[in-house]
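The values are calculated or read from the model by the stated rules, or taken from the named source; none is laboratory data. Just so you know, these numbers come straight off a predicted model, no measurement behind them. Heads up, the Cβs are rebuilt from the backbone with ideal geometry, glycines too, and the neighbour counts pull from every protein chain shown.
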Amino acid sequence: MALYSEKVMDHFRNPRNIGVIEDADGIGEVGNAKCGDIMKIYLKIENDIIADVKFETFGCGSAIASSSMATELIKGKPVAEALKLTNKAVVEALDGLPDYKMHCSVLAEEAIRSALDDYYQKNPEKKPEQ
C-alpha cells in the first residue's frame with residue numbers, strides 16, 4: 001500500500017482554496033511546535049453560510065492536504081455544520097492518513113474552530129446559544 005492516498009497527493013499537489021481573504025469575517029491560526037506545521041484559515045460568512053474560505057499552511061504535504069480538504073468540506077455550508085467538522089471527517093475524506101500524520105487533520109479542525117471563534121468574538125449576537 002502506498003504511504004499516501006491519491007486524494008492526499010491530489011490535495012497536496014493541487015491545493016484548493018489557497019490564499020488570503022483580505023476582509024475576512026473570521027481568522028484562525030494554529031500551530032504544532034513539535035512538527036512545525038502552521039495553519040491559517042480565513043472565513044467569509046454571509047447569511048450564516050461560509051461563502052468563502054481560504055488557507056495558508058506552512059508544513060508538510062499532509063498538513064497542506066488536510067487544510068485543502070477541510071476548506072472544501074465547509075465551503076458553502078452553514079456555520080453550524082462547519083462547527084461540527086472533525087479531524088476524523090477530514091481523514092476519511094482524504095481516504096486516510098498515516099498514524100504519525102493524524103495531527104495534521106487535528107490542526108485543520110482546530111484552525112477552523114479558531115476562525116469561527118474569531119468570527120463570534122467579532123459578532124457575539126450571531127453566536128448560537130449553548
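Within the stretch 15-27, the set of residues being closer than 11 Å to Glu56 by Cβ and not in a loop (DSSP other than H, G, I, E, B) comprises Ile18, Ile27.
Give me a count of the residues in the stretch 25-47 that are in contact (Cβ under 8 Å) with a residue 40 or more places away in the chain and either in contact with a strand residue (DSSP E or B) (Cβ under 6 Å, 6 or more places away or on another chain) or of a type in the set (Ser, Thr, Tyr) (or both). Number satisfying all stated conditions: 12. Can you name the residue in the stretch 19-33 that is farther than 20 Å from Ser105 by Cα and of a type in the set (Asp, Glu) and, of all such residues, is surrounded by the most Cβ atoms within 10 Å (Cβ to Cβ)? Among residues in the stretch 19-33 that are farther than 20 Å from Ser105 by Cα and of a type in the set (Asp, Glu), the one surrounded by the most Cβ atoms within 10 Å (Cβ to Cβ) is Asp25. Selection over the stretch 62-116 of residues that are not basic (Lys, Arg) and not in a helix (DSSP H, G or I) gives a count of 9.
Residue pairs whose Cβ atoms lie under 7 Å apart, sitting 6 or more positions apart in sequence or on different chains, and linking a residue in the stretch 113-130 that is more than 13 Å from Ile45 (Cβ to Cβ) and small (Gly, Ala, Ser) to a partner that is surrounded by 14 or more Cβ atoms within 10 Å (Cβ to Cβ) and at pLDDT 95 or above, are Ser114/Gly28; Ser114/Glu29; Ser114/Val30. For the stretch 41-56, a residue qualifies if it is crowded, with 24+ Cβ neighbours inside 10 Å and either modelled with pLDDT under 95 or within 26 Å of Ser5 (Cα to Cα) (or both), and the qualifying residues are Ile41, Val53, Phe55.
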